[in-house]
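Q: For reference, the structure I am asking about is given below.
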Amino acid sequence: MIATVYRSSRVKSGRRVVARMHRGKYRLDPREKIKDVPLHTNDKQVAQQRLRKILEEEQNERAGFIRPKREREAMERPLSKHIETFIAERYKIGRDEKYVRELKKKLLVLVVEVPWKYLSDITPESFCSWRRKQNKSSKTLNEYLSAIGALLNSLEQTIGQNPPSLRAANANGDRAAKTATRILRR
């Protein structure tokens, strides 16, 4: 493992000029390239501490103790922001305006009525308890499930597999509202 704190330098007008801020170089595996990161400080001890923190975080990610940074950031982002991005993406790829408008409406209803603020709040149990309180038809309730499933499927590359999988394929093609056990099945 390589871990070094340094200040970069360059030659300017025939003189060597050393940068004010420290940078860090590290490599955890000898088969990888050396990574160079800015440490945004001019104090060497602070720079060493920041580099140690970066190394510890990356080692924990590799060992599977914590989620990758991209996933953690996505989980901390409000669900409403994910919905805005998802809806904008649907428009961009040319989906029908009515379809996108209905999709947005369903997702916003779910966010408000089921009190989901973050992706980590989405669970099959919370959806099922919300659905039991509804007086809507089975088809409509399945459309709500499809809407949130589409959002989670689009986020699958960012957050990994859907949070306790809301993916539920209605293999029989019947219109019965999907139960909690059917939602949890894959």
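Q: Suppose we filter Glu113, Glu58 for residues that are outside the structural domain of Leu141 (by TED's automatic domain parsing), at pLDDT 90 or above and of a type outside the set (S, T, N, Q); which single one remains?
A: Only one candidate passes the filter, namely Glu58.
Q: Now for a separate question. Residue check: is Glu89 of a type in the set (Asp, Glu) and in contact with a strand residue (DSSP E or B) (Cβ under 9 Å, 6 or more places away or on another chain)?
A: Spelling it out, it is not the case that Glu89 is of a type in the set (Asp, Glu) and in contact with a strand residue (DSSP E or B) (Cβ under 9 Å, 6 or more places away or on another chain).
Q: So how many residues does the range 4-60 have that are within 27 Å of Arg72 (Cβ to Cβ), among the hydrophobic types (A, V, I, L, M, F, W, C) and more than 29 Å from the chain's Cα centre (by Cα)?
A: Counting residues in the range 4-60 that are within 27 Å of Arg72 (Cβ to Cβ), among the hydrophobic types (A, V, I, L, M, F, W, C) and more than 29 Å from the chain's Cα centre (by Cα) gives 3.
Q: Please state which of the following conditions Ile159 fails to meet, knowing it meets all the rest: (1) closer than 20 Å to Glu113 by Cβ; (2) at pLDDT 55 or above; (3) not basic (Lys, Arg).
A: (1)
Q: I'm trying to understand the selection: among the residues of the range 37-74, which are charged (D, E, K, R) and either touching a residue at least 40 places away in the same chain (Cβ under 8 Å) or under 22 Å from Ile159 (Cα atoms) (or both)?
A: Hits for the range 37-74 are Arg52, Glu56, Glu57, Glu58, Glu61, Arg62, Arg67, Lys69, Arg70, Glu71, Arg72, Glu73.
Q: What number of residues in the range 104-139 are surrounded by 13 or more Cβ atoms within 10 Å (Cβ to Cβ) and assigned to a helix (DSSP H, G or I)?
A: Total meeting the criteria: 16.
Q: Taking strands (runs of 3 or more DSSP E) that fall entirely within the range 1-91, which contain at least 1 residues that are in contact with a helix residue (DSSP H, G or I) (Cβ under 8 Å, 6 or more places away or on another chain) and surrounded by 15 or more Cβ atoms within 10 Å (Cβ to Cβ)?
A: Because the criterion is at least 1 residues that are in contact with a helix residue (DSSP H, G or I) (Cβ under 8 Å, 6 or more places away or on another chain) and surrounded by 15 or more Cβ atoms within 10 Å (Cβ to Cβ), the strands (runs of 3 or more DSSP E) in the range 1-91 that meet it are 2-6, 23-27.
Q: Go through (1) modelled with pLDDT of 90 or more; (2) in a helix (DSSP H, G or I) and name the single condition Gly94 misses.
A: Evaluating Gly94 over (1) modelled with pLDDT of 90 or more; (2) in a helix (DSSP H, G or I) leaves (2) as the failure.
The values are calculated or read from the model by the stated rules, or taken from the named source; none is laboratory data. Quick caveat: nothing in here was measured; it's all calculated off a predicted structure. Glycine also receives a Cβ, built like all others from the backbone with ideal geometry; neighbour counts cover every protein chain displayed.
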